[in-house]
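To keep things clear, I will list the structure first and then write my remarks on it.
The values are calculated or read from the model by the stated rules, or taken from the named source; none is laboratory data. These numbers come from a predicted model, not from an experiment. All Cβ positions, glycine included, derive from the backbone under ideal geometry; neighbour counts span all protein chains shown. What goes into the accessible areas is simple: the full protein's heavy atoms, side chains included, and nothing from ligands, DNA or RNA. Shrake-Rupley method; radii C 1.70, N 1.55, O 1.52, S 1.80 Å.
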Amino acid sequence: QVQLVESGGGLVQPGGSLRLSCAASGSKLGIDVMSWYRQVLGKQRELVASITRASRTSYADSVKGRFTISRDNANNTVYLQMNSLKPEDTAVYYCNVKEYLRAYGSWGQGTQVTVSS
């Protein structure tokens, strides 16, 4: 079981920036895909961005050009740089880390991001 520790959420004004981090530990099979999801109360969790071990990335259309996902394979850490934040980006952000050969990933505890003036 992979353990995940997220950090970096908070309150920011529209147009501002935040950087989320998620550190993984306890992997025995090696980490394949690392992703960020977000969820607003009462709505489904949605995929924001993901990155493979080879650093191939994909993004939700709503964040393309504003968010950047990256990873540090040596330290099993994934980052989400969020720029030009909008009120509609307000949500709890969760990281998800999938090991090789596993069908599903492990979830972080979530970190609140609030974009408001």
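Side notes on the structure shown:
- Taken together, the criteria exclude Arg53 from residues that are surrounded by 13 or more Cβ atoms within 10 Å (Cβ to Cβ), touching a residue at least 60 places away in the same chain (Cβ under 8 Å) and under 18 Å from Gly105 (Cα atoms).
- Tally, over the stretch 19-48, of residues that are open to solvent by 30 Å² or more (accessible area, probe 1.4 Å) and assigned to a strand (DSSP E or B): 9
- Reported count of residues in the stretch 13-53, each being among the β-branched types (Val, Ile, Thr) and closer than 15 Å to Val63 by Cβ, is 3.
- Residues of the stretch 66-117 classified as in a helix (DSSP H, G or I) and over 24 Å from Lys28 (Cβ atoms), total: 3
- Residue in the stretch 87-102 that is in contact with a strand residue (DSSP E or B) (Cβ under 6 Å, 6 or more places away or on another chain), over 21 Å from Val5 (Cα atoms) and either among the hydroxyl-bearing types (Ser, Thr, Tyr) or open to solvent by 60 Å² or more (accessible area, probe 1.4 Å) (or both) present: yes
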